[in-house]
Number of protein chains: 2
Amino acid sequence: MNMKKVLVTGDRPSGKLHLGHYVGSLLNRVKMQADHETYIMIADVQALTDHFATPDLITKNVHEITRDYLSVGINPELSNIYIQSQIPEIAELTIYYMNLVTVSRLERNPTIKTEIAQKNMEDSILVGFLCYPINQAADITILGADIVPTGEDQFPMIEQTNEIVRKFNRIYNTNILKECSCLVGSTGRLPGIDGKKKASKSLGNAISLADDSTTVKEKIWNMFTDPNHLKVNDKGRVEGNVVFTYLDIFHENKDEVSALKDHYQKGGLGDVKLKSLLYEDIESVLTPIREKRQTLTNKQVIDVLQNGTQNARKKAQSVLHSVRNVIGFNY
Amino acid sequence: MNMKKVLVTGDRPSGKLHLGHYVGSLLNRVKMQADHETYIMIADVQALTDHFATPDLITKNVHEITRDYLSVGINPELSNIYIQSQIPEIAELTIYYMNLVTVSRLERNPTIKTEIAQKNMEDSILVGFLCYPINQAADITILGADIVPTGEDQFPMIEQTNEIVRKFNRIYNTNILKECSCLVGSTGRLPGIDGKKKASKSLGNAISLADDSTTVKEKIWNMFTDPNHLKVNDKGRVEGNVVFTYLDIFHENKDEVSALKDHYQKGGLGDVKLKSLLYEDIESVLTPIREKRQTLTNKQVIDVLQNGTQNARKKAQSVLHSVRNVIGFNY
C-alpha cells in the first residue's frame, strides 16, 4: 500500500524554464520526489487561456520543458511528468465544478483580480481566464493532491480549491474529494536581470536553464546593478542591485557575500568583479544541467511523457469515476 | 457517402415528456428523421446546471425519456438517442471554447438574462449556468450540426454558437467547424392546464405522454376554461380558455372547433361537453403511444442508448480530433 502523500505541481509551457524556477520550485521538487507520489503537470490547456491565438507558443515548449525537468534531476521513476491536455478527465471534472461556484466568487478571487488589473482586461475578461481557478481545482483534486507547492500569490487558488472540495463533499454527502495544503518555497521570487520585475519566461529577462555560457555571460554583464555606480571608486547601492540578490542565493560562502556588500557600499569594488563571481556561481549550477541535457534523446523525452501521462490519467480516471458515481452519471 | 444534413436536438431529463413536447418537437423529429442524420441528446449535464444538488431527479428520468421517444415513433435505426454525460469530448470542447467568449458577452445573452431574472439569481449566478450557452455550442458543433430545431426563445443560443464557430475558424485559420441554422416549429408553445404558464415538466401542469387514461381525464376536467362561465347558458370566453387552445391543436375538424367557439361565446355550451371532446382527441393521440410503450423492454431501452451514444461519440471524437489538431494538442 502506497502511504506517500500526493504532491501535485506544474508549469505552463509558455517558455523555457529559468533560474527563477530552479530556486523557486525545481530544486524543491527534486528534493521531495523520493518521499512523495509526485505529479508534475505541463499545463498546456491552462496556458491556452492566455495564448489561445498562438498555441504553437505552447506546444513547441512541451518537450523543451520536459528536458528542463529531466536536466535538473527530476527522476521519471519517482515523478510523473504529464501533459494536461492528455487528461480529458480534467475538463469533465471542471464542468461539474462549475455548478458549485458563483461568478461573483470568481471575480472576488484576489489572484484573478490582480491579473485582470495587470492585463487591463476589465471589459473583455474571457470566460476561460475567469474560470481557470475552477480548472485548477480540477487539476489538483483529480489526482487526490495532499500538497501543492506554490507561491504566496497562489494561496487564493488553493483556498478556492478547498472551498469546492468542501461544497462537493457536502452536497453529495461523500468524502471522496480531498482538501490540500499549500507548501511555500523558502526562496522568494528571483528578480529579472532588468531589476524591474520578477524573472519571467515571457519578459525575456531571465537566465534560462538551457542558455549556453556565452548567453549567460551576456545576460549577467547586462544585469541591473546601481545606475549611479559609474566608477569603481564610487559608493554603490546593494538594495535593488540584482547581482547581489543573485549572489545571496547562488554564492555558497555567505560571509564572503557580506564582505563584498560592505566593500561595494564603501566604494572600490567594480561591477565586473562581482559579475565575474556571479558568472562562476551560475555556471557551476548550469554546467551539470547542460551536461545532463546533452544525454537526453527525443525518444527518452517522449517515453517519459507517455509514461507519466499514463500514470496520471489512470489516477484521474479513478477519481472521476467516483465523482460520476456520487452524481449518478455511471449509467 | 452520406449527404443527409445533420440534425441535433434534445431534452433535459428533468421530468417526463408531455403533450407540449409532442406537438412542439417530437412529431417534427419523427417526420424529419428519415431525411436527416439525427442526434437526440438527453442533456443530463446541462440539467445539472439547475439540479446539481438533486441529481437523481435527472438520472431517474434518462430511461423514461428514452421510452417517451421510442413510444412516439422515434426510430432508433434512423435517430441516435444518446446521453450527454457519456460524451466527455463535449466537456473538452467546452473548455477550448471558453477562451473565445467574454464574460460580458454571456451576460448579454438574452436567454441567459431572462432566466437570471426569472430565477432571481442576480447575486448568485453559478458559473455552470452562465456558461451553459458555451456548453451548448459544444453540444451542437461537436456533431457538425446543420440544423437545430428550436423555440424562438433559443435563437440567441444559436447566434452565440455561430459566433464561436466563426471566431474559432478565424483564429485557427480553418473551416473545420460548421455554422448551423435554427428550425422553428410550426406550433407555438402549449399552455399548461392551469392556463397560467406554458406546460412544463417541473410545474406539474402538463399532460405527460405516460399518463394513464384516468389521469388524463382528471387533468382535462381540471383544465382552466373561463372562470366566469358558471352555468351552461352563460356566455363564455374563448381567449385564454385552455380547452379551446388544446382543441385548436388536437381536434382534426377545424370547422367543428370554429362552430363550438361560436356556440360557447353565445352561451348554451357546457365545459363538460367540450372537455369530453378534448379527452377523446387526446386519448386518440396517447393510446398508440401507450401501446408502443407497453412493448418496450428494459434491454431494448439500454441497447438504444448504448448504440446511439456510441454513434454520437464516434462522431464527436472525430470532430474533437480535428479541433485538437488545429490547436496542436495531438502531440
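I need a count of the residues in segment B:202-223 that are farther than 29 Å from B:Asp50 by Cα and surrounded by 16 or more Cβ atoms within 10 Å (Cβ to Cβ).
Going through segment B:202-223 one residue at a time, the tally reaches 2.
When A:Thr54 is evaluated against the numbered criteria (1) within 14 Å of chain B (Cβ to nearest Cβ); (2) assigned to a loop (DSSP other than H, G, I, E, B); (3) touching a Lys or Arg at 6+ places or on another chain (Cβ under 9 Å), which criterion, by number, is the only one it fails?
(3)
Residue by residue through segment A:93-108, note down the ones that are facing chain B (nearest Cβ under 7 Å), surrounded by fewer than 24 Cβ atoms within 10 Å (Cβ to Cβ) and within 25 Å of the chain's Cα centre (by Cα).
The answer is A:Leu106, and nothing else.
Of the residues in segment B:281-303, how many are of a type in the set (D, E, K, R) and surrounded by 13 or more Cβ atoms within 10 Å (Cβ to Cβ)? So that I can check it myself, show each step before the final result.
Restricting attention to segment B:281-303, the residues satisfying the condition of being of a type in the set (D, E, K, R) are B:281, B:283, B:290-293, B:299, B:303.
Add one more test, that the residue is surrounded by 13 or more Cβ atoms within 10 Å (Cβ to Cβ), and what stays is B:281, B:283, B:290, B:292-293.
The qualifying residues number 5.
Could you name every one of the helices (runs of 4 or more DSSP H) located completely within segment B:229-331 that has at least 3 residues being among the aliphatic types (A, V, I, L, M), away from chain A (no Cβ under 14 Å) and under 24 Å from the mean Cα position of the chain (by Cα)? I'd like the intermediate steps shown before the answer.
Numbers: elements: B:242-250, B:254-266, B:271-295, B:298-327.
Answer list for segment B:229-331: B:242-250, B:271-295.
Would you pick out the residues in segment B:57-92 that are within 9 Å of chain A (Cβ to nearest Cβ) and more than 30 Å from A:Thr54 (Cβ to Cβ)? Before the answer, list the steps.
We begin by selecting, within segment B:57-92, every residue within 9 Å of chain A (Cβ to nearest Cβ); these are B:58-60, B:62-63, B:83, B:85-86, B:88-92.
The answer is B:Ile58, B:Thr59, B:Lys60, B:Val62, B:His63, B:Ile83, B:Ser85, B:Gln86.
Residues to consider are B:Glu77, B:Glu37; find the one that is closer than 22 Å to B:Lys315 by Cβ and free of Cβ contacts under 8 Å to residues at least 12 places away in the same chain.
Working: B:Glu37 fails: free of Cβ contacts under 8 Å to residues at least 12 places away in the same chain.
Answer to the selection: B:Glu77.
Considering each of A:Pro149, A:Pro156 in turn, give the residue that is more than 23 Å from A:Ile87 (Cα to Cα), away from every other protein chain (no Cβ under 14 Å) and either in contact with a strand residue (DSSP E or B) (Cβ under 8 Å, 6 or more places away or on another chain) or not aromatic (Phe, Trp, Tyr) (or both).
Details: A:Pro149 fails: more than 23 Å from A:Ile87 (Cα to Cα).
Sole residue among the options that is more than 23 Å from A:Ile87 (Cα to Cα), away from every other protein chain (no Cβ under 14 Å) and either in contact with a strand residue (DSSP E or B) (Cβ under 8 Å, 6 or more places away or on another chain) or not aromatic (Phe, Trp, Tyr) (or both): A:Pro156.
When segment A:119-140 is examined, which residues are found to be more than 19 Å from the chain's Cα centre (by Cα) and of a type outside the set (D, E, K, R)?
Applying the first criterion (more than 19 Å from the chain's Cα centre (by Cα)) to segment A:119-140 yields A:119-128, A:130-131.
Scanning segment A:119-140 gives A:Asn120, A:Met121, A:Ser124, A:Ile125, A:Leu126, A:Val127, A:Gly128, A:Leu130, A:Cys131.
Filter segment A:13-51 down to residues that are within 14 Å of another protein chain (Cβ to nearest Cβ) and acidic (Asp, Glu) and give me whichever is farthest from B:Phe168 (Cα to Cα).
For segment A:13-51, the residue satisfying everything is A:Asp44.
Where a number appears in this text, it was derived from the coordinates with a stated rule and is not lab data. None of the values given here were measured: they were computed from a predicted structure. Methodologically, a virtual Cβ is constructed for each residue, glycine included, from the backbone with ideal geometry; neighbour enumeration extends over all protein chains shown.
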